[in-house]
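Right, one structure below, let's go through it.
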Amino acid sequence: MAEQGTLILDKAGVRRALTRIAHEIIERNKGVENVALVGIRSGGDDLAKLLARQIAAIENIEVPLGTIDITMYRDDLDSRGSKPIGKTEIPFSLDDMKIVLVDDVLFTGRTIRAAMDALMDLGRPRAIQLSVLIDRGHRELPIRPDFVGRNLPTAINEKIDVVFDGERNPLEVRLIKS
Amino acid sequence: MAFNHKHILGTEYLSREDIQLILDTAESFREINTRSIKKVPTLRGKTIINAFFENSTRTRLSFEIAGKRLSADTVNISGSASSVTKGETLEDTARNIEVMHPDIIVIRHGHSGAPHYLAERLNCSVINAGDGAHEHPSQALLDILTMRQHKGKIDGLKVAIVGDIAHSRVVRSNLYALNKMGADVHLAGPGTMMPSGIERLGATVHYDIRAAVKDADVVMMLRIQLERQGMTLLPTLREYARFFGLNDDVLKLAKADAIVMHPGPMNRGVEISSAVADGPQNVILGQVENGVAVRMALLYLVSGGEQAVE
Amino acid sequence: MKILIKGGRVIDPSRNFDQVADLLIEDGKIAAIETTIDTKAADQVIDATGQLVTPGLIDIHVHLRDPGLEYKEDIVTGTLAAVAGGFTSVACMPNTKPVNDNKAVTQYIINKAKNDGYCNVFPIGAITKGMAGETLSEMGELKEAGCLAVSDDGRPVSDGEVMRRALEYSRPFGITVVSHTEDLSLVGEGVMNDGFVATELGLKGIPWVAEDTMTARDVMLAEFTGGRLHVAHISTKGGVDIVRQAKARGVNVTCEATPHHFTLTDEAVRGYNTDAKMNPPLRSAADVAAICAGLADGTIDAIATDHAPHHIDEKNVEFRIAMNGIVGLETALPLTLELVAAGTIDLPRAVALLSCGPAHALNIPRGTLEIAAPADVTVIDPSLKWTVVREELKSKSRNTPFTGRKMKGAATCTIVGGKIVFSR
C-alpha cells in the first residue's frame, strides 16, 4: 500500500512540519499558558502526541493532551452506517482553555465541525484553534486552519494517506490517485 | 467490524463479535453519562417509540434515557394507555404506529414472540425489551458488560444463575450470550421451575443452590414472582428463601472475589438477603447504570445497522 | 348412468382385493369388478391406467363449522375441500354454534349436506349438553336423527363419572364415544408440546402426560363398562402403547391419528408459526415414530385429519392467543402416501387407514367396493406432483403448515353415490 501514489512528505518532512507548527502555536499564543492539545481520532491523536513532545522540547512545559472521537457527532449516520465508537479522553477541564484541535488531513471540514460540537458539549473553551498536517482543499463548511503543515491542492477523487509505523509515529504522507 | 442487524430480537441471533462490538460501544457511551451535558446529537431527528405492553419501570426508564441522551425523540406508550385493552390486534396497533414513521420501536410484551411478529410486519427497527418467557437481550448484554468490567473477561468465568429458570427471559438471553462469550453457566432452582431441555442451551443444571454457587465468579439471582407463592410451583416464600435464597453462608462457597448480580427489582429476604444485597460483592446498581449505556449502544447500532461498516 | 373405470389398480382392503381390473358403476352402486369389462357397457369411461381405484376415502374427524361459524367454513366449502382431497364421506364434530347436541342441529346438517354438499356427511353429536361435560345429551334421539357417534371434541369429558355413564348409556344404542383425551389441569396454560423447543421459545408446554393419563382413564372406563370407545387424534408414544395394550386385552377401543402428527414435530413451531399450533400439539420425533409404528401394526385404525378451519384473523396474531388447528382435507392423501414412499406402511394398508379403518371405527356403512355397495369411489394418481399453494385450497380457510410443501399423489376423480363430484 505504502508503495502506491506520490510521496508528498517523508519522515523528515513530517517532523519539520510539526516542529514549525509547534513554534507557530507557541508564538500565536504567546507561550503555552492555558493551551491544550486535543487530537481527533484516529490520526490526529497521534500527531497531537508528537506536537506536545515538540512543544515540551521548546518551552519545557507539558501541555495538557486529550483525544476526541467524533463518531457520535457525525452527520452521515444514515448514509454510512454505525461505525464503531472510539474513546474520548480529555483528562482536564476545557473551561477557559485555548484548545488546539489536531487532525491529520483537512478536507470538507465536516470532521472539524463535529469535533467542535463535541468540545462544546464537554466544556467552554476560551478559544479553539485548528492545526492540520495537510490541507487538501474542497471545503464544504466555512472552516479555516490556523496552523498548516502543507497546503496541497488535490482532485476530489484523490486520497491523502498519512502512513504511521507500528508505534503510531508518522512515516510519510502519500497522494493516491484513484 | 460490521453490525448488520436491523432488529435486536434476542441474543440468540447475535454473534460473539456482535456482542463484543455492543459492549465496546456501550463502554464509549458510558462516558457521556458522567458529563454535565449528558447528551450527544448522534440520533438527532430519529423517533423512538417505547411500546410497553407489560409493566416495567426500570427497563422503560433506561431505554427512554438512552434515547434522549442520543438526542432521539422518544415517545412512550404503555399497556394501559394503549389500545390493547380495547381489543385491537397487535397487527393493527403496529400498523397505526408504523404510519407515524418511527425509526425504532422498543417493545416489551407479555407474549413470547411478539417482537418477532412486529419485526416481520414493520419497516422500522424492532428492539425486544422482553417478550414473555423468551428473551430480554438488553438485560443480558448489560449483565455481561458488568461482568466484563469486574472480571476483565467472560471466557472461562463460572456464572451461577439461581431462581425461577422456567419463567425467566433473562436466563435464556444470558444463556445464549454467555455461551458465545465462553462462560461456564450453572443453573439452580426448584424442580418446578426448571424447564425441559434447558441444559441443551448450554448449562449445567442443579437443584441445590450450593452446587451452582460453589467456586463461581458470578452469582446472578433471579427475581421470584411473589404471586407464585401458594400456587403449585412453590409452597411458601419462607421455604424458597431457605433453600434457594442467597445469604452470606451460601455466598462463602463462591470465589472470594465473586460478584453478586440481580436484574431487579429485588425481593429482599426472599431470593437475596439484605446483607448480601448491600454487601461489598454486590454490583447491582452498576448493572442498572450499565443498562443505559448498553441501550444507547443498541439504539445507535441498529440505526445504521443496514449499511455495511468498513 | 353407467360409469366404467378402466385399467386401474383396484385396491379394496375391506375384501383384501388388490389387482388391476375394470370397475363398473350402475345406478349409484358398484355393479361389477372384472379383469376386462367392455366399454360398450358404459355411458362414460374413465381411463385409470397407472392409477389407483379405491373405496371412497373417509375422514371421521372434521370440523365443518356449520351452523354458526360459517366465516371459517361451511358445509358446501368443507365438502368441496373433502372431495378435492379424495374423501367421499366425512364425519363432522359437534362444536358448532349451537352445539350439535340435539336432533334439530343434526337434521340441519344432514339436510344441508344432502341438498348442497359434495359428499356424504355423518354428523357426530355431543356427549354432553352444550359440550359442558356435565349432563348427557339425548343420545337416543341423536342416533335416530342420524348420528353414529358422540364426542365433545375440542374438550375432554373431565369428570370420570360422566364419562363412565356416557360409555354405559351409548353402548346399547350402538353409538361410538369419540374421546378427546386431555387432562386440562396438566395442560394449564400450555400452548405447544412441552419440550426443548418450548423452553427455547419461552412458550408454556403441554406435556405428553396430559394426554396419556386421560387416554388411560378412558380406555379403562371402556374396559370397565364394555362401552365402545374411539380415541381421537392420538399424538403420543404413550397413547399408542396404551391402546395397543388395551386391544391385546380385548378392550373395544379404536383410535385415529392425524397426518400432521405423523409428519411434523414441534420443531415446526419455530418462528412462532401459528399454523403449527394445534391441540393436541405437534410432539417429538419419538412420538412421530411411535405413531408410524402404530399405523403399521394396526394399533391405529384410521387416519383422520382433524380438519379445523380458522379465519386468518384468528391465526395472524401472537402465538399464545392464536386458535388451535389446521385444515387437512386436501393434504391428507399425499401425506399418507409419503408413509408408503418411506416404507412405513404398504399401499393397501394406507388405503385401509383411509377407508374401511375409519368406517369400522364409527360404524359408517361405507369404505368397501363390494358388489351392490354405494358407489363411493376415489381414483388416485399416486405419482401426480403438486405443490401446496394456500390460495388454491378449496376450503374457506387456509391455515396449513404445509404451504409450499412438494406433494406426490392426488385424487383425480372422486365419485359419490355413482356421481362424479370432482375430477382433475
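A few notes on this one:
- Members of the stretch A:163-178 found to be touching a helix residue (DSSP H, G or I) at 6+ places or on another chain (Cβ under 8 Å) and either surrounded by 15 or more Cβ atoms within 10 Å (Cβ to Cβ) or hydrophobic (A, V, I, L, M, F, W, C) (or both), listed by number: A:Phe164, A:Pro170, A:Leu171, A:Glu172, A:Val173
- Checked against (1) open to solvent by less than 40 Å² (accessible area, probe 1.4 Å); (2) over 25 Å from B:Gly130 (Cα atoms); (3) in contact (Cβ under 8 Å) with a residue 24 or more places away in the chain; (4) not acidic (Asp, Glu), B:Leu234 passes all but condition (2).
- Residue match in the stretch B:2-15 (condition: facing chain A (nearest Cβ under 7 Å), closer than 29 Å to C:Gly202 by Cβ and not aliphatic (A, V, I, L, M)): yes
- Of the strands (runs of 3 or more DSSP E) entirely within the stretch C:154-259, none holds at least 3 residues that are within 14 Å of chain B (Cβ to nearest Cβ).
- Residues satisfying the stated conditions in the stretch B:211-224, i.e. surrounded by 15 or more Cβ atoms within 10 Å (Cβ to Cβ) and not in a strand (DSSP E or B): B:Ala212, B:Val213, B:Lys214, B:Ala216, B:Asp217, B:Leu222, B:Arg223, B:Ile224
- Test result for C:Glu330, within 18 Å of the chain's Cα centre (by Cα), at pLDDT 95 or above and assigned to a loop (DSSP other than H, G, I, E, B): yes
- Checklist (1) in contact with a Lys or Arg (Cβ under 6 Å, 6 or more places away or on another chain); (2) crowded, with 21+ Cβ neighbours inside 10 Å applied to A:Glu158, failing item: (2)
- Any hit, the stretch C:46-60, residues being open to solvent by 30 Å² or more (accessible area, probe 1.4 Å) and either outside any loop (DSSP other than H, G, I, E, B) or in contact with a Phe, Trp or Tyr (Cβ under 9 Å, 6 or more places away or on another chain) (or both): yes
- From the list A:Asp69, A:Asp95, the one residue that fits, being within 25 Å of A:Ala127 (Cβ to Cβ), within 14 Å of chain B (Cβ to nearest Cβ) and open to solvent by 50 Å² or more (accessible area, probe 1.4 Å), is A:Asp95.
- Meets criteria (under 20 Å from the mean Cα position of the chain (by Cα) and part of a loop (DSSP other than H, G, I, E, B)) for C:Gly367: yes
- Checked against the criterion of being in contact (Cβ under 8 Å) with a residue 40 or more places away in the chain, among the small types (Gly, Ala, Ser) and within 12 Å of another protein chain (Cβ to nearest Cβ), the candidates B:Gly67, B:Gly110, B:Gly45 yield just one match: B:Gly110.
- For the stretch A:118-134, the candidate set comprises residues that are at pLDDT below 95 and of a type in the set (D, E, K, R); within that set, the residue that is surrounded by the most Cβ atoms within 10 Å (Cβ to Cβ) is A:Asp121.
- Scan of the stretch C:236-258 for residues that are in contact with a Pro (Cβ under 9 Å, 6 or more places away or on another chain) and farther than 15 Å from C:Val178 by Cβ, ordered by number: C:Thr236
- Test for C:Ile300: is it β-branched (Val, Ile, Thr), open to solvent by less than 20 Å² (accessible area, probe 1.4 Å) and in a helix (DSSP H, G or I): no
- Here A:Ile85 clears all of (1) within 14 Å of chain B (Cβ to nearest Cβ); (2) open to solvent by 20 Å² or more (accessible area, probe 1.4 Å); (3) of a type in the set (A, V, I, L, M) except the condition numbered (2).
- Sole residue being surrounded by fewer than 22 Cβ atoms within 10 Å (Cβ to Cβ) and in contact with a helix residue (DSSP H, G or I) (Cβ under 9 Å, 6 or more places away or on another chain), chosen from C:Val231, C:Val243, C:Val317, C:Val269: C:Val317
- Those residues of the stretch B:140-187 which are in a helix (DSSP H, G or I) and within 14 Å of another protein chain (Cβ to nearest Cβ), in sequence order: B:Ala140, B:Arg169, B:Val170, B:Val171, B:Arg172, B:Ser173, B:Asn174, B:Leu175, B:Tyr176, B:Asn179
The values are calculated or read from the model by the stated rules, or taken from the named source; none is laboratory data. Quick caveat: nothing in here was measured; it's all calculated off a predicted structure. Positions of Cβ are generated from backbone atoms using ideal geometry, with glycine treated the same way; all protein chains shown enter the neighbour counts. Accessible surface is based on the protein model in full, side chains and every heavy atom, while ligands, DNA and RNA are left aside. Shrake-Rupley method; radii C 1.70, N 1.55, O 1.52, S 1.80 Å.
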